[in-house]
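Novice: Pasting in a structure now, in structure tokens, and then I'll have a few things to ask.
The values are calculated or read from the model by the stated rules, or taken from the named source; none is laboratory data. These numbers come from a predicted model, not from an experiment. Because the Cβ atoms are built from the backbone with ideal geometry, glycine has one as well, and the counts that use them run over all protein chains shown.
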Amino acid sequence: MESLDKTLCDVHEWAIHRMNVLCALGTIEDIEEAESIRQEFKEWLIPESEDHDIFSLEYIGEGSEYD
């Protein structure tokens, strides 16, 4: 199972990459989608402080230890 740190890093990299791709496409819809991603991940991309509370939920579906 991946660590929380790796997952956070992967999501951060995905958000940056996806916004770059969308802005390069250049249609108004693509730029609006990139802006939506920026707003969703704003506190990760431009942190106001180094102190963040991160909550992670363990998978509880089929095949988990709670199944």
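Novice: Would you check if there is a residue in segment 4-19 being modelled with pLDDT of 80 or more and not in a helix (DSSP H, G or I)?
Specialist: No, every residue in segment 4-19 fails to be modelled with pLDDT of 80 or more and not in a helix (DSSP H, G or I).
Novice: Could you grab me the full set of residues in segment 21-57 that are outside any helix (DSSP H, G or I), at pLDDT below 90 and either farther than 18 Å from residue 10 by Cβ or touching a His at 6+ places or on another chain (Cβ under 8 Å) (or both)?
Specialist: Hits for segment 21-57 are 26, 41, 46, 48, 49, 50, 51, 53.
Novice: Could you pull out the residue among 34, 15 that is more than 12 Å from the chain's Cα centre (by Cα) and among the small types (Gly, Ala, Ser)? Before you say what the answer is, go through the steps one by one.
Specialist: On the way: 15 fails: more than 12 Å from the chain's Cα centre (by Cα).
When all the criteria are applied, what remains is 34.
Novice: Are there any pairs with C-beta distances below 9 angstrom linking a residue in segment 40-62 that is charged (D, E, K, R) to a residue that is modelled with pLDDT of 75 or more, with the two at least 6 apart or on different chains, and if so which?
Specialist: Close Cβ pairs satisfying both conditions: 40/15; 58/64; 58/65; 58/66.
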